[in-house]
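Please read the structure below before turning to the comments.
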Amino acid sequence: MKITGVELRTVRMPLVAPFRTSFGTETVREAVLLRAVTDEAEGWGECCAGTAPRYSSEYTHAAADVLARFLVPALAGVGSAHAVGPALAAFKGHRTAKAALEMAVLDAELRAWEQPLSQVLGAARTTVPCGVSVGITDTLPELLDVVAGYLADGYRRIKLKIEPGWDLEPVEAVRERFGDIPLQVDANASYRLDQAGLLARLDAFDLTMLEQPLAEDDLLGHAELAGRIRTPICLDESIVDARAAAAAIALKACRIVNIKPGRVGGYLEAKRIHDLCVAHDIPVWCGGMLETGLGRAANVALAALPGFRFPGDTSASDRYYSTDITEPFRMEDGHLRVPTSPGLGVTPVPELLDAVTVRTEWIPV
Ligand code: NPQ
Ligand code: MG
């Protein structure tokens with residue numbers, strides 16, 4: 001397979017409701033999408049970086065810039081997805097941009113081979129259970145209404161976003177109102193180790209896990225915290241690649257791993273982390289980054305692997321978008337169907353894609 005070039009597109013998609021976390025409030029999802037053109041097939045990629053570098057150091061304009069200047073041109077001579085990572089290794093960081101590029105080449109390659117992504121990754125199921133991530137609200141009654149709506153939709157577990165000042169009370173209110181539902185929390189690195197006493201009070205609520213309480217680069221802090229609380233710690237931001245996952249497991253910094261392909265540099269590295277975690281008996285689950293139907297399709301394929309043992313943030317398309325750029329993912333009995341067509345198994349609808357595109361650039365390889 002010979003790669004001709006890559007089209008970079010920046011899209012802006014309105015969210016159905018503002019999504020508030022400890023690092024800010026999003027009302028519009030800006031994302032960089034890629035279309036890899038080869039002599040055999042075309043493939044789509046999605047960069048999960050956000051508008052501002054608040055979740056991680058990456059952001060959309062920087063991702064588009066590093067792709068155009070360095071990453072896409074470095075694909076000269078690359079003929080398969082497995083060669084993308086090595087070809088980009090000389091460039092430091094920018095994992096979400098690298099992940100998007102590898103995803104586009106992988107999609108093109110699998111479409112040429114007529115193989116679905118799920119099969120190539122090693123999927124063990126045809127549907128995956130869905131969880132949903134619930135943003136911070138202004139009031140507790142508002143939060144309870146939002147959670148009630150998602151439970152009525154059929155979501156199999158609820159994840160509450162927390163931050164200092166919005167933690168014990170919302171968790172207690174949700175437990176009191178909805179009883180013994182699968183419930184977990186995500187702090188997006190908003191606590192410090194000296195708040196371990198406060199976090200230990202979450203133990204009373206039987207949460208499935210506490211996700212990323214401390215800073216991204218604080219594996220030792222998480223290991224220390226793990227000795228002071230009973231709620232299992234799950235790491236998200238800290239797991240930037242398979243080596244970080246190995247270190248976190250060795251240090252006992254986490255008992256569960258959130259896998260986001262964008263955060264770790266691609267679906268192939270995500271698969272390596274899955275295999276490593278299975279070997280260490282560490283359950284994993286698939287995170288979410290407010291993906292369009294493209295990233296959602298690939299995440300659902302990944303979430304079908306056997307080591308994924310909790311419902312993911314792989315929600316239905318309508319959790320985020322009233323109109324997606326692909327055929328929307330719909331929840332059936334709390335599950336999404338794993339795509340079965342070659343590659344991602346979904347393609348953008350040209351008119352829908354054009355309607356949300358704010359910038360297009362062609363980068364020859
Ligand atoms: C998490 N996702 O697990 C992330 C955080 C997140 C579904 O909770 C733009 C770019 C908006 C990145 C919102 C969920 C985002 C974003 C949330 C990441 O930590
Ligand atoms: Mg998280």
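The values are calculated or read from the model by the stated rules, or taken from the named source; none is laboratory data. Just so it is clear, the model here is predicted, and its values are computed rather than measured. No Cβ is skipped: glycine too gets one built from the backbone with ideal geometry, and neighbour counts run over all protein chains shown. For the accessible areas, the whole protein counts, side chains as well, though only heavy atoms, and no ligand, DNA or RNA atoms are used. Shrake-Rupley method; radii C 1.70, N 1.55, O 1.52, S 1.80 Å.
The table for this structure:
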item: Any chance Ala64 is open to solvent by 50 Å² or more (accessible area, probe 1.4 Å), out of contact with any helix residue (DSSP H, G or I) (no Cβ under 6 Å at 6 or more places or on another chain), more than 16 Å from ligand 2 (Cβ to nearest atom) and farther than 27 Å from Val338 by Cβ; result: no
item: Residue identified as modelled with pLDDT of 95 or more, in a helix (DSSP H, G or I) and over 24 Å from Leu336 (Cβ atoms) among Leu199, Leu151; result: Leu199
item: Qualifying residue in segment 175-186 (condition: closer than 19 Å to Leu140 by Cα, more than 26 Å from the chain's Cα centre (by Cα) and of a type in the set (Gly, Ala, Ser)); result: yes
item: Options Phe310, Phe329; residue that is in a loop (DSSP other than H, G, I, E, B) and closer than 13 Å to Gly131 by Cα; result: Phe310
item: Where a residue in segment 233-244 is within 12 Å of Arg272 (Cα to Cα) and its partner, wherever it lies, is away from ligand 2 (no atom under 13 Å from the Cβ) and in a loop (DSSP other than H, G, I, E, B), with Cβ under 7 Å and at least six apart; result: Asp241/Gly265
item: Some residue of segment 27-46 being out of contact with any Asp or Glu (no Cβ under 6 Å at 6 or more places or on another chain), over 30 Å from Thr340 (Cβ atoms) and open to solvent by less than 30 Å² (accessible area, probe 1.4 Å); result: yes
item: Spans of helices (runs of 4 or more DSSP H) in segment 204-278 with at least 2 residues open to solvent by 20 Å² or more (accessible area, probe 1.4 Å) and either farther than 20 Å from Ala49 by Cβ or in contact with a Gly (Cβ under 8 Å, 6 or more places away or on another chain) (or both); result: 219-226, 242-250
item: Members of segment 334-353 found to be touching a Pro at 6+ places or on another chain (Cβ under 9 Å), closer than 29 Å to Val78 by Cα and not hydrophobic (A, V, I, L, M, F, W, C), listed by number; result: Pro339, Thr340, Ser341, Pro342, Gly343, Gly345
item: Enumerated helices (runs of 4 or more DSSP H) restricted to segment 43-113, each holding at least 3 residues that are more than 25 Å from Asn188 (Cβ to Cβ) and not polar (S, T, N, Q); result: 84-88, 95-113
item: Criterion: outside any loop (DSSP other than H, G, I, E, B), touching a helix residue (DSSP H, G or I) at 6+ places or on another chain (Cβ under 9 Å) and within 14 Å of ligand 1 (Cβ to nearest atom) - qualifying residue of Val185, Val120, Val146; result: Val185
item: Selection within segment 88-104 - away from ligand 2 (no atom under 16 Å from the Cβ) and either farther than 22 Å from Ala31 by Cβ or open to solvent by 40 Å² or more (accessible area, probe 1.4 Å) (or both); result: Ala89, Ala90, Phe91, Lys92, His94
item: Answer residue from segment 176-198, given it is more than 15 Å from ligand 2 (Cβ to nearest atom) and closer than 23 Å to Val240 by Cβ and is surrounded by the most Cβ atoms within 10 Å (Cβ to Cβ) among those; result: Leu193
item: Residue count for segment 105-139, restricted to those that are buried (at least 19 other Cβ atoms within 10 Å of the Cβ) and charged (D, E, K, R); result: 3
item: Out of Asp324, Asp354, Asp318, sole residue that is in a helix (DSSP H, G or I), farther than 19 Å from Pro129 by Cα and of a type outside the set (Ser, Thr, Tyr); result: Asp354
item: Matching residues in segment 156-175 - criterion: being of a type in the set (D, E, K, R), without any contact (Cβ under 8 Å) to a residue 40 or more places away in the chain and within 16 Å of ligand 2 (Cβ to nearest atom); result: Asp167
